[in-house]
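First up is the structure itself, then whatever we jot down about it.
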Amino acid sequence: MSSLPRRALHFGTNLKMHQTPAETAAFVAGLRGMVGDVIGRADVRLFVIPPFTSLPAAVEAGGDAAIWIGAQNVHWAPEGAYTGEISVRMLQAVGVDLVLIGHAERRGLFHETDAQVNDKVKAALGGRLRVLACVGETAAEKGYGAGPETVIRQLKIALHGVRPEAIERVMVGYEPVWSIGAGGTPARPEDVAAIAGHLRATLRDLYGDAGDRVPILYGGSVDPTNVAGFVALTEIDGAFVGRAAWTVAGYDAVLRAALSARVGQGA
Ligand code: PGA
């Protein structure tokens, strides 16, 4: 809504299955040096989402939540016979701030369902963690003209049963599946604007004014040359970056390009 102040710029990277603990510690420490002038700005939130094994090192290097550290997944049960899974309590004990839930690679490669995404979102929020809940249509869904319906369904199911007081700890990532990774093509800003409008309308339907404050991030082949076109959109509040931000210099370059797009926009 034009009358609202610009939402803070939310910016971060998902390291996927890359980096050892020592590599992540060096990455996060390097970021703290490189983007020290941005850390702590009220209008910017930075985050890094490393593999589970790098989380303790990242939390230590991240320094008192100056950079939010997130996990890439979580199980919905408090504990139990779930070999290979990690619980909310385990993440809390390590000191993470955030959990990524429903990333396209989890949905696509590991068959995560909308209902499981919902169970994970509720478990993470119940444990007072922040959530980055991802939605995005496949190329086939887009081809059928069903992109908006897909992401609205994913968002409604992801947030089902999430109470209004918890929604302020949620960020939504819009990542069209066809735009992600080495074979992906970045979306066009006008298409992202249209989908983000649907997501915002859904958030407002569900949560009223609180839905207006939920950050919506775009992700999928974001780089320093295209990020400005996304974060300048009215309903896009940041970028969720993969490959282009896996080095300190890369993270810095995409972040600076995103910040420059916001100059004159009140953030
Ligand atoms: P990419 O990854 O920037 O390498 O396309 C994005 C993501 O999966 O979040």
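The values are calculated or read from the model by the stated rules, or taken from the named source; none is laboratory data. Because the structure is predicted, anything quoted here is derived from the model rather than measured. When we count neighbours, we look across all protein chains shown, and the Cβ atoms used for this are built from the backbone with ideal geometry, even at glycine. Protein only, heavy atoms only, side chains kept; ligands, DNA and RNA dropped before computing areas. Shrake-Rupley method; radii C 1.70, N 1.55, O 1.52, S 1.80 Å.
Answer yes or no as to whether I86 is open to solvent by less than 80 Å² (accessible area, probe 1.4 Å), touching a Gly at 6+ places or on another chain (Cβ under 6 Å) and over 24 Å from D212 (Cα atoms).
no
For region 140-159, indicate whether the set of residues that are among the acidic types (D, E), touching a Leu at 6+ places or on another chain (Cβ under 9 Å) and either open to solvent by 20 Å² or more (accessible area, probe 1.4 Å) or at negative phi (or both) is non-empty.
Step one: of region 140-159, the residues among the acidic types (D, E) are 141, 149.
Going one step further and asking which of them are touching a Leu at 6+ places or on another chain (Cβ under 9 Å), we end up with none.
Within region 140-159, not a single residue is among the acidic types (D, E), touching a Leu at 6+ places or on another chain (Cβ under 9 Å) and either open to solvent by 20 Å² or more (accessible area, probe 1.4 Å) or at negative phi (or both).
Go through (1) closer than 30 Å to A115 by Cα; (2) hydrophobic (A, V, I, L, M, F, W, C); (3) open to solvent by 10 Å² or more (accessible area, probe 1.4 Å) for V74 and report which single condition fails.
Result: V74 fails condition (3) only.
A quick yes/no check of all residues on (1) touching a Lys or Arg at 6+ places or on another chain (Cβ under 7 Å); (2) near the ligand (Cβ under 10 Å from one of its atoms); (3) modelled with pLDDT of 95 or more; (4) open to solvent by less than 20 Å² (accessible area, probe 1.4 Å):
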residue: D209; (1), (2), (3), (4): no, no, yes, no
residue: I236; (1), (2), (3), (4): no, no, yes, yes
residue: A253; (1), (2), (3), (4): no, no, yes, no
residue: A267; (1), (2), (3), (4): yes, no, no, no
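Report whether or not A258 is open to solvent by 60 Å² or more (accessible area, probe 1.4 Å) and within 16 Å of the ligand (Cβ to nearest atom).
On the way: open to solvent by 60 Å² or more (accessible area, probe 1.4 Å): no; within 16 Å of the ligand (Cβ to nearest atom): yes.
The answer is no for A258.
Go through region 211-221 and give me each residue that's out of contact with any Asp or Glu (no Cβ under 7 Å at 6 or more places or on another chain), open to solvent by less than 10 Å² (accessible area, probe 1.4 Å) and within 16 Å of the ligand (Cβ to nearest atom).
Hit for region 211-221 is Y218, nothing else.
When region 1-57 is examined, which residues are found to be part of a strand (DSSP E or B) and either more than 14 Å from the ligand (Cβ to nearest atom) or of a type outside the set (F, W, Y) (or both)? Walk me through it before giving the result.
Kept after step one, since they are part of a strand (DSSP E or B), are these residues of region 1-57: 9-14, 44-49.
L9, H10, G12, T13, N14, V44, R45, L46, V48, I49, listed by residue number.
State which residue is nearest to the ligand (Cβ to nearest atom) when the search covers only region 101-138 and only residues that are among the aliphatic types (A, V, I, L, M) and part of a strand (DSSP E or B).
Filtering region 101-138 for residues that are among the aliphatic types (A, V, I, L, M) and part of a strand (DSSP E or B), the one nearest to the ligand (Cβ to nearest atom) comes out as L132.
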